[in-house]
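What follows is one structure encoded as structure tokens, with my remarks underneath.
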Amino acid sequence: MKKIKVLRGKNRYTIIAGSGCLELFPRIVAEQGLHGNILYVVDENVYKLHSASIKEISGSVGGKNNIYIMPSGEKYKSTEQYQDILYTLINNNFGRDSLIAAIGGGVTGDIAGFAASTYMRGIQVVHIPTTLLAAVDSSIGGKTGINFSDRKNIVGTFYQPKFVLTDYSFFNSLPVEEIISGAGEIIKYAFLGDRLFYNEVNDLIASVISLDNKSLNKIIPACAEIKAAVVTADEKESGIRKILNLGHTFAHAYESYYNFNIKHGCAVIAGIISSLFLSYKKGIINRTSLDYFLKLPLKIKFPVSGTPDTEAISRIMLSDKKNKEGKIKFILVNNIGEIMIDAEADGDQIRYSVQKTFELLNSNLIT
Ligand SMILES: NC(=O)c1ccc[n+]([C@@H]2O[C@H](COP(=O)([O-])OP(=O)(O)OC[C@H]3O[C@@H](n4cnc5c(N)ncnc54)[C@H](O)[C@@H]3O)[C@@H](O)[C@H]2O)c1
């Protein structure tokens, strides 16, 4: 089991990661003096597969405890679902002395965190991530949100949890495409960390995907450490935190273009590849570095169909909420651990990067 500290001062909290650590939940709640009135917001698939252990922990914390089953899927990160959680809190008389425990992937964590941050001007929240993606990324750093008016995460808050409890045994029931999706964010951290970690991810990514416990225990806490260090330096994303968006300018456009029929982590892999091509096209890295850096994301194989319309991708990127003054901002790679933020690119460079990405992905389907 590993422990990672996030942030300083009053918002400081700990990530506890290890196989089987869910059983520590009642003890941590008591040790940290957290509220015992708990609404467990649980992803429906997770509840179906893990109801026994969830009931066990919920039964062993004193106080009010209710389980709210969150329907699975991005479309439920909605105002309707948010309202439903608020009604559940109100109808069950949850007061300011309450805690929401979010048990699920990024969708559950984002909406439960948003509900916790707004109900009665903020009640406590803890995250129990059950997808690989949530474990290495969405459960850390305090971003909450829902989708609104066809815009992803357009409404949200920064709201830090009291702790994060990452139990790898949840991952055993994950569909393979969700494991691959989580691997996409792990590849991102490989570029954000140092060369030692990059090599480690390169060596272990296949065994992470096959859920080898030793590899998970090396890679997941290391990714969490990188994210923790970045959000500690820049809690509200005014500067360095933007490096966490490596590949995401392209990725969000790919997700939107494919009507969210592409997994987030797969879109991130495609986005990292596009960022590498863009770094090359802008003369930031040479051909040898490009070829070397492309090897890692290409270790993850996932289905793609054809090449998207490059003009449509540019248009979608222009409407991204992160843009300022109509300029698309990219995160580019100078070297491992050397990331450039707020880089700009012209239309030709963008079209080239998208085109090359999908040519490569289409030829990378067979092992
Ligand atoms: N807040 C942040 O900083 C942040 C960062 C990255 C992504 N996100 C958000 O995270 C979301 C994506 O998260 P995700 O990939 O975890 O998706 P998700 O929450 O939709 O989970 C993916 C699927 O896996 C199922 N599932 C979850 N755990 C399972 C388990 N242990 N066994 C079997 N099935 C399980 C879910 O029911 C769902 O069908 C997006 O909405 C994205 O915007 C947020």
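Only the coordinates and a few stated rules stand behind these numbers; no lab work does. Just so we're clear, the structure is a prediction, and the values are computed from it rather than from any experiment. In this analysis, Cβ positions are derived from the backbone assuming ideal geometry, glycine residues included, and neighbour counts consider all displayed protein chains.
The table that follows gives values for the structure above.
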quantity	calculated
Scaled radius of gyration (Cα, divided by 2.2 N^0.38 Å) that region 241-367 gives	0.96
Relative contact order [Cα under 8 Å, 6+ residues apart], the chain, whole percent	15 percent
Dipole magnitude (debye, nearest 20) for region 1-83, charges at Cβ of Lys, Arg, Asp, Glu	480 debye
Radius of gyration and Dmax over the Cα atoms of region 92-146, both given in Å	10.9, 34
Only Lys, Arg (+1) and Asp, Glu (-1) charged, at Cβ; region 1-48 dipole about Cα centre in debye	420 debye
Percent breakdown of C-alpha pair distances by 10 Å bin, ordered from the shortest bin, for region 1-131	12, 46, 36, 6
Positive-pole candidate from 127, 57, 89, dipole of region 22-159, charges at beta carbon	89
Dipole in debye (nearest 20) - the chain, about Cα centre, beta carbon charges: Lys, Arg +1; Asp, Glu -1	700 debye
Mean separation of Cα contacts under 8 Å (6+ apart) over length of region 125-240, as relative contact order %	30 percent
Largest to smallest principal axis extent of the C-alpha atoms in region 1-44, angstrom	32, 25, 21
Whole-Å distance, taken between Cα centres, linking region 236-300 and region 306-352	9 Å
Estimated distance in nm for a label pair at residue 195 and residue 301, the labels positioned 7 Å out from Cα along Cα-to-Cβ	3.0 nm
Listed pairs 162/214; 242/329; 48/162; 75/162 exceeding 20 Å between Cα atoms	162/214; 48/162; 75/162
Angle between the chain longest axis and helix 176-192 axis [Cα atoms, degrees, rounded to 10]	70 degrees
Overall dimensions of region 112-270 by Cα: Rg and Dmax, Å	15.5, 47
For region 261-360: relative contact order, % (alpha-carbon pairs under 8 angstrom, 6 or more apart)	38 percent
Rounded D (µm²/s) - the chain, Kirkwood Rh over Cα pairs, Stokes-Einstein at 25 °C, 0.890 mPa s	118 µm²/s
Options 254, 304, 326, ranked by Cα towards positive dipole end of region 250-346, top entry (Cβ charges)	304
Residue-averaged [θ]222 nm for the chain, counting only DSSP H segments that reach four residues, each worth -39500 (n - 2.57)	-14000 deg cm²/dmol
Principal axis box of region 28-69, alpha-carbon based, largest edge first, Å	30, 15, 14
Solution diffusion estimate, µm²/s, Stokes-Einstein, region 195-304, Kirkwood Rh from C-alpha pairs, 10 °C, viscosity 1.306 mPa s	103 µm²/s
